[in-house]
Amino acid sequence: MISLLWSITIVSLLATLIISVYGIVAKPNLVKKLIALTIFGDTANVLVVLLGYRVIYPVKPPILPELSKRALGEFVKTAVDPLPQALVITAVVIGMAVNILIAFAVIQIYRIYGTLDVREVGKTLPELLRREEA
Amino acid sequence: MNVVGLTPIIPILFAFALPLTSILVKGDRRIVQAYALTGTGLTLLSAVKLFQLAYSSKEPLIYTFGGWTAPVGIIYEADKMSALIALVTATLMFLIAIYSYRYLEGEAGLEWYYTLYLGLEAGLLGVLLTGDAFNLFVMIEVTSIAAYALVMYYRDRGDSVVAGLKYALIGAVGTTMYFIALGVLYYGFGTLNFANLSALVHGMSFPVVGKPYGDVVIASGVALALATWAFLIKAAVFPNHFWLPEAHPAAPSPISAILSGVVVNVGVYALVRFLYTVYGGALTSSLSSVVHALSVVLMLLGAVSALFGALMMLVQKDVKRLIAYSTIMHMGYLVMAVGIGTQLALSAAIFHMVNHAIAKALLFLSAGVFIHAAGSRNLEDLAGLGRKMPVATFSLAVASLSLVGVPPFNVFFSKLLLFDVFLDENPVLALVLVVSSVTALVAYVRVFYEVWLGKPRKEVEGRECWSMSGVCLVLALACVVVGLVAPYVVSHYVDPAAAQAVDYKVYIQKALEYAAKTKLGL
């Protein structure tokens, strides 16, 4: 039962990854592209947290109360691996910076072109360049 | 503090302190410029010192942050290859900081430009010096975010914001894929330290993580495939090249020079670190078949990329777009050489990386002098400007002849090395090199003809200012000098760098020496 749930989780995460990449590539609206990108980043983070998880009961949070052999032994037996979580925290912070930058660019494109559709932007771009040259 | 740890720290400190400083000096452009020159200059000094230390020592240099050794903490491990490329990077960043002042004289927000510029330099040096796969991810992100923002520097111009957005979207997807690769790698091996990973791959012992946790072959296969894809996006190799011809021209010319000369090297360098240091040397048969499959893919994509870049150069009207396609072509050569996987190929790749960085930066900078004067990137608008600006024209000539591979300029010698290596592997690859070089020659001759002999469409006030043309002249002389002493440079600097990069045993040994000192307080 547990292994079934486990495989369903992994398969659904992988499916989300693929769908979000499809969203980034295929959706013409820039805001939808940004949303798909955040979904992609978050799914990757969940996937990495999942890789560090272990099905063990009773589960304790990965906190080492004191530095001794006995506490360390208990830690290894009951805690999940905290390192992927540390990696994910870093990735979340970096992802936020990238998302804010992209959100800024989307707003700026809306100000310049008055549209968020990449097809419209693609059509308007050569006209804008020609006007600059003229 | 150790110079290995210090080199990326200096630009980070200068970058973070710059916004506050600029408020204190009320945005005085000259003080901001002096500040940026100090920042990049100190970094250059540090990189020179690092270069001396790395080349006088037989082993890689190590810095353990906070005294935490591998694999518990993040360590920086600089070998000769890192130090050589770091020196080139720091030198170019310093020279281009001089160039930027006049180029951006009409623009507001010089302090924000330099904040991002110093951040970019910190990220680049961090990528080159780090000894930890996760820190590599962080530093690639630092580099990328600064690069996305710098591409969007002309934020009121529609084309540069669109180009920056495209770059940011594809770049973010790439780095996220590298992050997934790290997760898989950690799941398989239980560590992300390069020395430790390499030790586990080669079946050597290492403290704390002595044996892999999971299936090494599957983990390596998945992780290498994802990581390579991410690095090929960063290096703009076909089919992940499409962001580059828009992003590089849209940036200000000094930034185009940095992006095309230095930032794309990040992808190739990371690939080299993985394929030569971690997965280099003798492997078990199943692992070596994974690495071999990857090499074939790299050679194929590199060859397609080189031909594609060369062909697209012929049809461009925008001079910076033409140069950007040439970058795709040269990245194709580098990836082909990396895919071959011998020490000789690596040494050719390193030498070509260095030469391409100098020549491509020079090409963008000298084209930037004309673009700055004419106010347009269109090749026809630049017609006839060459006769008014002799120094910039000379630099343009040196850069384009060098990139085509005309002796005695520097790129000729690295192309010669690449040709030898390709011929040994497969004559088709050598043919790709020759055909794409000849095609590129036609494209460059067209630019040069237009700039030198073309009839001016409108009267442009042409004057050369010493800070921009001077930087071009210095780089042009560097092209000639490196070309003239190429055999010496190869035997004294490039070959040792390649030899040390493939010598994974010394790389592991040095990290082990430090790791043996780890006391966990038990």
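The values are calculated or read from the model by the stated rules, or taken from the named source; none is laboratory data. Every value quoted in this text rests on a predicted model; they were computed, and no experiment measured them. Reconstructed Cβ throughout: ideal geometry from the backbone, glycine too, with neighbour counts over all protein chains shown.
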Being modelled with pLDDT of 80 or more and under 22 Å from the mean Cα position of the chain (by Cα) is the requirement here; does A:Ala86 meet it? yes
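For A:Arg111, are the conditions met, namely being at the interface with another protein chain (Cβ under 10 Å from one of its Cβ atoms) and on the phi < 0 side of the Ramachandran plot?
Criteria met by A:Arg111.
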Go through segment B:394-421 residue by residue and tally those that are part of a loop (DSSP other than H, G, I, E, B) and of a type in the set (Val, Ile, Thr). 1
Can you find a residue that is in contact with a Ser or Thr (Cβ under 6 Å, 6 or more places away or on another chain), on the phi < 0 side of the Ramachandran plot and surrounded by fewer than 21 Cβ atoms within 10 Å (Cβ to Cβ) anywhere in segment B:143-154? yes
Could you check, for segment A:65-77, whether at least one of its residues is surrounded by 12 or more Cβ atoms within 10 Å (Cβ to Cβ), in contact (Cβ under 8 Å) with a residue 40 or more places away in the chain and either within 10 Å of chain B (Cβ to nearest Cβ) or part of a helix (DSSP H, G or I) (or both)? no
Would you pick out the residues in segment A:47-60 that are more than 9 Å from chain B (Cβ to nearest Cβ) and at pLDDT 75 or above? A:Tyr53
Report whether or not B:Ala195 is crowded, with 24+ Cβ neighbours inside 10 Å, among the aliphatic types (A, V, I, L, M) and assigned to a helix (DSSP H, G or I). yes
Determine if segment B:103-113 includes at least one residue that is assigned to a helix (DSSP H, G or I), within 14 Å of another protein chain (Cβ to nearest Cβ) and in contact with a helix residue (DSSP H, G or I) (Cβ under 9 Å, 6 or more places away or on another chain). yes
Over segment B:361-390, the set of residues at pLDDT 85 or above and more than 17 Å from B:Ala250 (Cα to Cα) is B:Leu362
Note down all Cβ pairs under 6 Å where the first residue falls in segment B:464-479 and is touching a residue at least 12 places away in the same chain (Cβ under 8 Å), the second is small (Gly, Ala, Ser), and they're at least six residues apart or on different chains. B:Ser469/B:Ala392; B:Cys472/B:Ser366; B:Cys472/B:Ala392; B:Cys472/B:Ser395; B:Ala476/B:Ser395; B:Cys479/B:Ala359; B:Cys479/B:Ser402
Looking at this structure, is B:Ala47 of a type in the set (A, V, I, L, M, F, W, C) and farther than 21 Å from B:Ala86 by Cα? no
In this structure, does B:Leu287 turn out to be within 30 Å of B:Pro427 (Cα to Cα), more than 19 Å from the chain's Cα centre (by Cα) and hydrophobic (A, V, I, L, M, F, W, C)? yes
For segment B:150-165, enumerate the residues that are facing another protein chain (nearest Cβ under 9 Å) and closer than 18 Å to B:Ala236 by Cα. B:Val162, B:Gly164, B:Leu165
I'm checking my understanding of the structure. Among residues of segment B:166-192 that are surrounded by 24 or more Cβ atoms within 10 Å (Cβ to Cβ), of a type in the set (Ser, Thr, Tyr) and within 7 Å of chain A (Cβ to nearest Cβ), which one is farthest from B:Ala324 (Cα to Cα)? B:Tyr186
Looking only at residues that are within 8 Å of another protein chain (Cβ to nearest Cβ) and hydrophobic (A, V, I, L, M, F, W, C) in segment A:78-103, which one is farthest from B:Val162 (Cα to Cα)? A:Leu83
Let me spell it out: the conditions are (1) modelled with pLDDT under 85; (2) closer than 30 Å to B:Val297 by Cα, and B:Ala430 meets all of them except one. Which number is the exception? (1)
Here are some residues: B:Gly119, B:Gly131, B:Gly73, B:Gly123. Which one is within 14 Å of chain A (Cβ to nearest Cβ), crowded, with 24+ Cβ neighbours inside 10 Å and closer than 27 Å to B:Thr176 by Cα? B:Gly123
Would you mind telling me which numbered condition in (1) part of a helix (DSSP H, G or I); (2) at pLDDT below 90; (3) in contact with a Gly (Cβ under 9 Å, 6 or more places away or on another chain) B:Ser160 fails? (3)
